[in-house]
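Report on one structure; see the data block that follows.
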Amino acid sequence: MTKKEITIQLPNDLEARPVALLVQVASQYQSEIHLESEGKTVNAKSIMGMMTLGLTAGEKIVVTANGADETEAVHNIEEYLSTLH
């Protein structure tokens, strides 16, 4: 299991389009991937689950991945959330 705290550095809050892109990034991996924010954990491959988090720029989240490609998955999710688009 790989677990990492990440600060969201996108210029805008995670609304429909950025969340959809994040779900696409997570869906590329076989690992189970979850995001946790304020005590709530959701499947990073579920657009509906991700939308319920209401993530905002500057917020800290915890990404957890478990599976064969977990390290790469966490790295690429961090890269997406840390890049100004």
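Each reported figure results from applying straightforward, stated rules to the coordinates on display, with no laboratory input. Please read these numbers as outputs of a predicted model, since none were measured by experiment. No Cβ is skipped: glycine too gets one built from the backbone with ideal geometry, and neighbour counts run over all protein chains shown.
Here are the numbers:
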item: Sum of -39500 (n - 2.57) over DSSP H runs of 4+, divided by residues of the chain (222 nm, nearest 500); result: -11000 deg cm²/dmol
item: Cβ-derived FRET efficiency at R0 35 Å, Ala16 paired with Thr71, nearest 0.05; result: 0.75
item: Radius of gyration and maximum dimension Dmax of the chain, Cα, Å; result: 11.2, 32
item: Spin-label model distance (nm) - Val62 vs Thr83, 7 Å beyond Cα toward Cβ; result: 2.7 nm
item: Interchain or long-range residues, amide H under 5 Å from Ala44's placed H; result: Ile33, His34, Leu35
item: Long-range HN-HN contacts of Leu55 with modeled amide H, under 5 Å; result: Leu14
item: For the range 46-61, 3J(HN,Hα) per residue [Karplus equation, 6.51 cos²θ - 1.76 cosθ + 1.60, θ = phi - 60°, Hz, x = Gly/Pro]; result: 10, 5, 5, x, 5, 5, 5, 6, x, 5, 10, 4, x, 6, 9, 10
item: Karplus-derived HN-Hα couplings along the range 24-38 (A = 6.51, B = -1.76, C = 1.60, θ = phi - 60°), whole Hz, x at Gly and Pro; result: 5, 4, 5, 6, 6, 10, 6, 4, 6, 10, 10, 10, 10, 8, 6
item: In degrees, nearest ten, helix 70-81 long axis to first principal axis of the chain (Cα); result: 10 degrees
